[in-house]
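> Handing you a structure now.
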Amino acid sequence: MAARISLTLDSTDAQVLAAFWKTALGYIDEPPAPPSATREQLDLPVDEPPEHGAWLCDPDGVGPFLSILDVPEPKTAKNRLHIDIRVPGHGSPEERWARIRAEAARLVQAGGKVLEEVDWQHVVMADPEGNEFCVAATSS
């Protein structure tokens, strides 16, 4: 059985970043592990209130979990790892490029920023805190 991965993003405002990534990925808040009914019921340290973090998951259980945690320092350099958002890749190059650009426009409306469009291949973007990611088409 293959291992599953979870990705963690540092943040200065976990709730703002969580709202963006839920929109971008179609994710939902990860339910807390039983027996807790809510994250507020978890035994967190006093200096770590639940709103200083967000835990997201793919509602279909396919994609990796995404944790977003507040940290005191701001982002200062390019990501060493980034997320690629893949839109369906069927059709002509023009149709694929139109879908990529439409998804990028949707994510701009959600708070993202276009950094660069790369030769009908992908769009380099940044989330509301400047974390880079790409929007591209699937290979199939």
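The values are calculated or read from the model by the stated rules, or taken from the named source; none is laboratory data. Source: prediction; values computed, not measured. Virtual Cβ from ideal backbone geometry, glycine too; neighbours counted across all protein chains shown.
> Of all residues being at pLDDT 95 or above and either assigned by TED's automatic domain parsing to the domain that holds T23 or under 23 Å from P64 (Cα atoms) (or both) in region 88-107, which is surrounded by the most Cβ atoms within 10 Å (Cβ to Cβ)? Just the residue, please.
I100
> Give A33, A3, A24 a once-over and let me know the one that is out of contact with any Pro (no Cβ under 8 Å at 6 or more places or on another chain), surrounded by 15 or more Cβ atoms within 10 Å (Cβ to Cβ) and at pLDDT 55 or above.
Numbers: A33 fails: surrounded by 15 or more Cβ atoms within 10 Å (Cβ to Cβ); A3 fails: surrounded by 15 or more Cβ atoms within 10 Å (Cβ to Cβ).
Going through A33, A3, A24 in turn, just one is out of contact with any Pro (no Cβ under 8 Å at 6 or more places or on another chain), surrounded by 15 or more Cβ atoms within 10 Å (Cβ to Cβ) and at pLDDT 55 or above: A24.
> Please determine, by comparing only the residues of region 108-128 that are crowded, with 18+ Cβ neighbours inside 10 Å and of a type outside the set (A, V, I, L, M), which one is farthest from the chain's Cα centre (by Cα).
The selected residue is H122.
> Within the set of pairs 6+ apart or on separate chains, which have a first residue in region 98-111 that is part of a loop (DSSP other than H, G, I, E, B), a second that is crowded, with 18+ Cβ neighbours inside 10 Å, and C-beta atoms under 8 Å apart?
The qualifying pairs are A110/F20; A110/A24; G111/F20; G111/D127.
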